[in-house]
Structure formats: structure tokens, C-alpha cells
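Just below is one structure, and these are the notes that go with it.
The values are calculated or read from the model by the stated rules, or taken from the named source; none is laboratory data. This one's a predicted model, so the numbers in the text were calculated from it and none came from an experiment. All Cβ positions, even for glycine, are placed from backbone atoms using ideal geometry, and neighbour counts span all protein chains on display.
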């Protein structure tokens with residue numbers, strides 16, 4: 001057996017070990033209620049930042065399967081042009097509750113001035129998480 005053959009075997013073993021390590025726990029890496037709740041909170045913060053920077057009216061709209069951020073076009077609420085405002089459908093097995101389908105304006109004054117509050121619950125069969133937005137801060141907590 002030559003040194004080159006031994007190195008080839010070691011490389012093959014290293015690749016197999018790396019692939020196995022990356023694959024460990026893959027069944028649990030799918031979308032969870034916690035990761036979706038944190039994604040929703042981050043997107044609410046981005047929408048609030050967009051309101052503050054661009055001074056355009058943005059609203060949150062949701063149903064049991066997902067949510068979107070809408071922009072006021074002068075006549076009605078319409079889908080936003082930015083990817084961060086696009087509709088996000090929850091993965092199968094997750095539900096969104098506690099929100100009304102009517103658009104909730106996003107405000108950044110903390111007093112509910114032009115904005116509303118959001119108290120959403122994202123749940124799976126294993127766990128449930130609350131996302132709260134009060135016009136100033138966004139919080140995520142297990143429930």
C-alpha cells in the first residue's frame with residue numbers, strides 16, 4: 001500500500017464523516033414555531049424601520065396560513081414592492097392565530113398613534129410562541 005492510496009482512503013473517510021456530521025439532526029432543523037416566531041418578529045421590526053425611514057404607511061395582514069405587509073397606495077392597502085414586505089406562508093404543521101385579517105397599521109411612536117398592536121401566536125403540535133408588537137418594541141416568548 002502506497003502513501004497516495006492511504007491519503008485517498010483518509011480523504012474518503014473525512015468526506016463521509018463530514019457528511020454524516022452535517023446530516024445529524026436534520027430532521028429537527030425544519031421550520032419550528034420558534035424559528036417562525038422569530039422570523040415574524042424580525043420582519044415586523046424591518047417594517048417598522050421602513051415606516052420610520054421612508055415615511056410610507058405599512059400595515060400587517062395575516063390569516064391562519066401566513067402573513068404579509070401591505071403598503072398604502074393612496075386608495076387601498078396593496079402588496080409591497082420589497083421582498084421583506086412580501087407574503088410569507090407558514091410551513092405545513094404551523095398555524096398563526098390571534099390576529100385579524102384586517103390590516104393593522106405599523107406605527108413607530110410607541111403610543112399607538114397611527115399604528116396598532118400585534119399579538120400573534122404561532123403554534124405547532126410541539127410548542128407555541130407569542131409575538132407581540134406594541135408600536136415601539138417587538139417581543140417573542142414561549143407560551
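Of the strands (runs of 3 or more DSSP E) lying entirely inside the range 48-89, those containing at least 3 residues that are over 19 Å from residue 132 (Cβ atoms) span 66-72, 77-79. Residues in the range 90-104 that are assigned to a loop (DSSP other than H, G, I, E, B) and under 17 Å from residue 39 (Cβ atoms): 90, 91, 92, 93, 94, 98, 99.
Restricting the range 106-123 to residues that are at pLDDT below 90 and in contact with a strand residue (DSSP E or B) (Cβ under 9 Å, 6 or more places away or on another chain) leaves a set whose member that is nearest to residue 71 (Cα to Cα) is 106. Quick one: is residue 10 at pLDDT 85 or above and not assigned by TED's automatic domain parsing to the domain that holds residue 138? Yes.
Of everything in the range 80-98, what is modelled with pLDDT under 85, out of contact with any helix residue (DSSP H, G or I) (no Cβ under 6 Å at 6 or more places or on another chain) and surrounded by 12 or more Cβ atoms within 10 Å (Cβ to Cβ)? Give them in sequence order. Don't jump to the end; show me each part of the working.
The initial filter retains those residues of the range 80-98 that are modelled with pLDDT under 85, namely 80-85.
Those still in the list that are out of contact with any helix residue (DSSP H, G or I) (no Cβ under 6 Å at 6 or more places or on another chain) too: 80-83, 85.
Matches in the range 80-98: 80, 82, 85.
Residues that are at pLDDT 85 or above, part of a loop (DSSP other than H, G, I, E, B), more than 15 Å from residue 51 (Cβ to Cβ) and within 15 Å of the chain's Cα centre (by Cα): does the range 124-140 have at least one? Looking for residues that are at pLDDT 85 or above, part of a loop (DSSP other than H, G, I, E, B), more than 15 Å from residue 51 (Cβ to Cβ) and within 15 Å of the chain's Cα centre (by Cα), one finds at least one in the range 124-140, hence yes. Annotation note: of 50, 73, the sole residue that is loosely packed, with under 13 Cβ neighbours inside 10 Å and either under 13 Å from the mean Cα position of the chain (by Cα) or farther than 24 Å from residue 126 by Cα (or both) is 73.
A search for C-beta distances below 6 Å between a residue of the range 122-140 that is more than 11 Å from residue 37 (Cα to Cα) and any residue that is in a strand (DSSP E or B), counting only pairs 6+ apart in sequence or on different chains, returns 133/118.
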